[in-house]
Amino acid sequence: MTQEAFEEQRLIMYYQPVVSTRDGSAPGQGIAPCQGVIGFEALIRMVHPQRGILGPAAFANALDHPRLARRIGCFVLDAVLTQGEQWHRDGFPLRMSMNISARHLLDPEFLNDMRAALAAHPDLAPEMCEIEVTETAPMLDFPTAQETLRACNNLGLRIALDDFGTGSASLSYLQKLPAQTIKVDQSFVRDILNDPRDFAIVAGITTTANMLGLEVVAEGVETVGHLQLLKTLDCHAMQGYLFSKPMPAGEVPGWLKSFNILNYNNNLTPLPEGLCRI
Ligand code: C2E
Ligand code: MG
Ligand code: MG
């Protein structure tokens, strides 16, 4: 199914904003383009002739399949860098984040694929691109993953550790892998308002990341209550349905025009009683 979709060009990218709740604007000051928006995460979708737009859960195996992982990975690199370059030319200085499968990251050709994709899009600085990796690749082959990620950093790319906290070895990866961003998995973020254990885990990850000078992005932010509590934890970069679901590229300029982080920051509700603040 996925190979067919790939060959028929029915794989497309959706984009979900990553926002910063540090608004930084003085009263009366105009809103700069993209203010409050750090960038977008590219998320793959399949256009199915009968079932419509499908998310990766419907074809997850293909993304890491020996025959398809690199081909799909190269498609994603090219599609996202093309889009990012276009937005930069249009005056939207957005960071572009892409998910890299473990198989593609560990492929001996990965760095060549990455270099070729960057060279084909010279108007998008590598520093504006971020690759998101889960702990699967380092678990399979730590030395190769470590060396490849270092080489990516040397190319100027940012590295994000995705779904952070879900794996058993996360903290030791923080020590040994060259990362600039940690994305706290949505399974911890979802219940921070009600579950003190999840709250403690997110607080711990955020404190550690901040002390290490890493950017920390909370995934799965769905309500203003989540936003407010995360801010008290000093977690200011967020992604989730509160701001927007993943959307087709064509909707992004309109969304950027209508987005204003002040609408969220000024709209805070009291925290539920009994919830600890730090
Ligand atoms: P991920 O990289 O952790 O991406 C975040 C997922 O959380 C996305 O699911 C996104 O739609 C979803 N999400 C974002 N905000 C919220 C929220 O507020 N609430 C809830 N319930 N969900 C939220 P999606 O698009 O289904 O992607 C699932 C996973 O598939 C991704 O997780 C990533 O691991 C993988 N994936 C997506 N695109 C690609 C790709 O281009 N290549 C590869 N190799 N993997 C991809
Ligand atoms: Mg991701
Ligand atoms: Mg994630």
Worksheet entry | Checking Thr166 against (1) under 17 Å from the mean Cα position of the chain (by Cα); (2) under 22 Å from Leu149 (Cα atoms); (3) polar (S, T, N, Q); (4) assigned to a helix (DSSP H, G or I), the condition it does not meet | (4)
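Of all the residues that make up the range 191-209, how many are of a type in the set (S, T, N, Q) and within 20 Å of Gly240 (Cβ to Cβ)? I'd like the intermediate steps shown before the answer.
Start the filter on the range 191-209 by keeping residues that are of a type in the set (S, T, N, Q), which leaves 194, 206-208.
Right, trim to within 20 Å of Gly240 (Cβ to Cβ) and you get 194, 206.
So the count comes out to 2.
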Worksheet item: Under 8 Å by Cβ, and 6 or more places apart or on different chains, what pairs join a residue from the range 219-242 that is at positive phi with one that is basic (Lys, Arg)?
Response: Gly220/Arg190
Worksheet item: Which condition number in (1) closer than 29 Å to Ile261 by Cβ; (2) more than 16 Å from the chain's Cα centre (by Cα); (3) more than 16 Å from ligand 3 (Cβ to nearest atom); (4) surrounded by fewer than 22 Cβ atoms within 10 Å (Cβ to Cβ) is the one that Leu227 fails?
Response: (4)
Discussion item. Tell me the residue from Ala145, Ala160, Ala179 that is within 15 Å of ligand 1 (Cβ to nearest atom), crowded, with 17+ Cβ neighbours inside 10 Å, over 14 Å from Val217 (Cβ atoms) and of a type in the set (Gly, Ala, Ser), please.
Written reply: Ala145
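Please verify whether the range 96-104 includes one or more residues that are of a type in the set (A, V, I, L, M), in contact with a strand residue (DSSP E or B) (Cβ under 6 Å, 6 or more places away or on another chain) and part of a strand (DSSP E or B). Show your work before the answer.
Taking the range 96-104 as the starting set, the residues that turn out to be of a type in the set (A, V, I, L, M) are 96, 98, 100, 102.
Imposing the further condition that a residue be in contact with a strand residue (DSSP E or B) (Cβ under 6 Å, 6 or more places away or on another chain) reduces the set to 96, 98, 100.
So of that shortlist, the ones also part of a strand (DSSP E or B) come out as 96, 98.
Scanning the range 96-104, I find at least one residue that is of a type in the set (A, V, I, L, M), in contact with a strand residue (DSSP E or B) (Cβ under 6 Å, 6 or more places away or on another chain) and part of a strand (DSSP E or B), so the answer is yes.
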Practice prompt. Would you be able to tell me the number of residues in the range 121-151 that are of a type outside the set (Asp, Glu), touching a helix residue (DSSP H, G or I) at 6+ places or on another chain (Cβ under 9 Å) and farther than 18 Å from Gly84 by Cα?
Written response: 14
Discussion item. Looking only at helices (runs of 4 or more DSSP H) that lie completely in the range 209-265, which have at least 3 residues being within 14 Å of ligand 1 (Cβ to nearest atom)?
Written reply: 224-232
Response to the item:
Taking the range 95-135 and the residues there that are of a type in the set (Asp, Glu) and modelled with pLDDT of 95 or more, the one that is nearest to Gly156 (Cα to Cα) would be Glu127
Worksheet entry | Flag if Pro138 is assigned to a helix (DSSP H, G or I) and modelled with pLDDT under 95 | yes
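Would you confirm, using the coordinates I've provided, whether Ala160 is assigned to a loop (DSSP other than H, G, I, E, B), within 15 Å of ligand 3 (Cβ to nearest atom) and at pLDDT 95 or above?
Values: assigned to a loop (DSSP other than H, G, I, E, B): no; within 15 Å of ligand 3 (Cβ to nearest atom): yes; at pLDDT 95 or above: yes.
Judged against the criteria, Ala160 is not a match.
Based on this model, can you work out whether Gly204 counts as closer than 19 Å to Met96 by Cα and either among the polar types (S, T, N, Q) or in a helix (DSSP H, G or I) (or both)? Show your work before the answer.
Values: closer than 19 Å to Met96 by Cα: no; either among the polar types (S, T, N, Q) or in a helix (DSSP H, G or I) (or both): yes.
No.
Residue check: is Thr166 surrounded by fewer than 17 Cβ atoms within 10 Å (Cβ to Cβ), away from ligand 2 (no atom under 16 Å from the Cβ) and of a type outside the set (A, V, I, L, M, F, W, C)? Give the derivation first.
Working: surrounded by fewer than 17 Cβ atoms within 10 Å (Cβ to Cβ): yes; away from ligand 2 (no atom under 16 Å from the Cβ): no; of a type outside the set (A, V, I, L, M, F, W, C): yes.
For Thr166, the condition - surrounded by fewer than 17 Cβ atoms within 10 Å (Cβ to Cβ), away from ligand 2 (no atom under 16 Å from the Cβ) and of a type outside the set (A, V, I, L, M, F, W, C) - is not met.
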Discussion item. Among the numbered criteria (1) under 14 Å from Phe110 (Cβ atoms); (2) in contact with a Pro (Cβ under 9 Å, 6 or more places away or on another chain); (3) of a type outside the set (A, V, I, L, M, F, W, C), which one does Tyr173 miss?
Written reply: (1)
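The values are calculated or read from the model by the stated rules, or taken from the named source; none is laboratory data. Quantities reported herein were computed from a predicted structural model and do not represent experimental measurements. Positions of Cβ are backbone-derived with ideal geometry, glycine not excepted, and every protein chain shown enters the neighbour counts.
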